[in-house]
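**Student:** Let me give you the structure first, and then I'll get to my questions.
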Amino acid sequence: MKISLYPPLSIQEIGQRPNQEDSIAQWNNRLFVLCDGMGGHEKGEVASQTVCQSIVDWYNSRAIHPLGKPQIEDALAYAYARLDEKDDGEFKKMGTTLTLLYIGSEGVVAAHIGDSRIYHIRPGVGVLYQSRDHSLVFDLFQAGEISYEEMQNFTQKNVITRAMTPGLENRHRADIIHITDIQSGDYFYMCSDGMLEQMSNDELLTLLSSEETDEEKQKRLIEATVNNQDNHSAWIIQVKDVIKEEGDEALENEEPTSRCNAINIIPADNGEADVQIINEDDDVVMVSEPPTSKKRQIPFLKWIKWIIAAILCLVVLVAACFVLFGDDEKEDDKKDKIERMMRKPIKHSHDKLNRTAVTLKDSNNVNRNDTARNK
């Protein structure tokens, strides 16, 4: 397919922070990258700039059309290697989130690590794709521990479960999705989490679906985020036209079913987040990713689990008492029985001796009587 674009527009604002840790880059109006750095002063921007520039360099020198998932994985491996070279060996590591969008002859390939987002929005229809945040709050929502409404004001919204960090033995991998359902007028919107401080999906959809020009929409987005605390950056990319070509029908569209599409995620009925802090700075914490599940938990089921656990504990306790004290009672019974058995033969022996003694006495008496008569 041939996809033409209107001139892409970008936003990059510092917010209320002392330095800019977000980085953006593009190559040939086909590749777009946005990173949100972390790790403290002068470290976050190093990580985000290194990843952005490395990916652009890789595409600029090695890109072979068509480009898909394998090439993106190679580009990320190259960026990780460049990031490792910047590692200073300190315990407190720098790191960055990643969003990457490549628009080519086989459709759109989107990749992300962390909580910076990629949206595919169709004005008049809705959000077709929202990258699933690699974050603690999203995992708790998916596990059914908090509601969607509670997510908005969760106190640990900045805790993320994946990021590009140097010196990792097991590097965090990107979620990559292939999108082929693309129409004229569609928007691909990439942004750091700072853009979403005071903006919901519905507000974003309303703004991008308006009849205003892209430049006016860009201005409105900047005005809407002027009071945001965090650095905030974005790419606004509108599709101008799509021309289908032979063989396009065979291309897979992963958007409707992909697990990395937050639109497809259903909250789970069990599973608690088991997190382990591995890196932090003044506002961002990285944790190991907890397990995911599929349905929201019904509150009273939690009480049933505790009741069942209490009953099982009681059964185990009774069984243990029976084993411990029951064996003692059996041992006592055995001892009593042995003693009775030992006493019984002794009594019989005494009776037999008594009877023998009586017999001998009677015999002696008879013999004496016989002797007396003979005399």
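**Student:** Compute the length gained on full extension between TYR6 and LYS240: take 0.36 nm times their separation in residues and subtract their Cα-Cα distance, giving the result in nm to one decimal.
**Tutor:** So the extension gain works out to 83.7 nm.
**Student:** Going by average Cβ neighbours within 10 Å, how do the peptides 162-173, 144-155 rank, with the highest at the top?
**Tutor:** Ranking, from highest mean packing down: 162-173, 144-155.
**Student:** On to the next question. Beyond 16 Å, what percent of the Cα pairs of region 180-219 remain?
**Tutor:** 42 percent
**Student:** Can I ask one more? In 10 Å bins starting at zero, report the fraction of Cα pairs in region 144-205 per bin as a rounded %.
**Tutor:** Going from the shortest bin to the longest, the percentages are 13, 32, 38, 17, 1.
**Student:** How are the Cα pair distances of region 27-155 distributed, in percent, across 5 Å bins from 0?
**Tutor:** 2, 10, 16, 18, 17, 15, 12, 7, 2, 0, 0
**Student:** Just subtract the alpha-carbon distance of ILE14 and MET151 from 0.36 nm times their residue separation and send over the number in nm, one decimal. Could the numbers behind the result be given before it?
**Tutor:** Details: separation 137, 0.36 × 137 = 49.32 nm, distance 2.47 nm.
Using 0.36 nm per residue and subtracting the Cα-Cα distance, I get 46.8 nm.
**Student:** A follow-up question, please. Which of LYS2/LYS43; LYS217/LYS244; LYS157/LYS244; LYS43/LYS240; LYS219/LYS240; LYS86/LYS240 have a Cα-Cα distance over 31 Å?
**Tutor:** Beyond 31 Å: LYS2/LYS43; LYS157/LYS244; LYS43/LYS240; LYS86/LYS240.
**Student:** Compute the distance in nm between two label points, each set 7 Å from the Cα along the Cα-to-Cβ direction, one at MET199 and one at ARG82.
**Tutor:** Label at MET199, label at ARG82, 2.7 nm between them.
**Student:** Provide the packing ranking of 222-229, 105-112, 16-23, 257-264, i.e. peptides ordered by the mean count of other C-beta atoms within 10 Å per residue, highest first.
**Tutor:** 105-112, 16-23, 257-264, 222-229
**Student:** Could you rank MET199, MET190 by how accessible they are, 1.4 Å probe, largest area first? Each step should come with its number before you reach the end.
**Tutor:** On the way: MET199 25, MET190 0 Å².
Result, largest first: MET199, MET190.
**Student:** Pairs of Cα atoms under 8 Å, at least six residues apart: use those to get the relative contact order of region 91-178, whole percent.
**Tutor:** Details: 135 pairs, mean separation 29.9, N = 88.
Relative CO of region 91-178 lands at 34 percent.
The values are calculated or read from the model by the stated rules, or taken from the named source; none is laboratory data. Remember, it's a predicted structure, so these values are computed and weren't measured experimentally. Because the Cβ atoms are built from the backbone with ideal geometry, glycine has one as well, and the counts that use them run over all protein chains shown. Areas reflect the complete protein model, heavy atoms only, side chains present, ligands, DNA and RNA absent. Shrake-Rupley method; radii C 1.70, N 1.55, O 1.52, S 1.80 Å.
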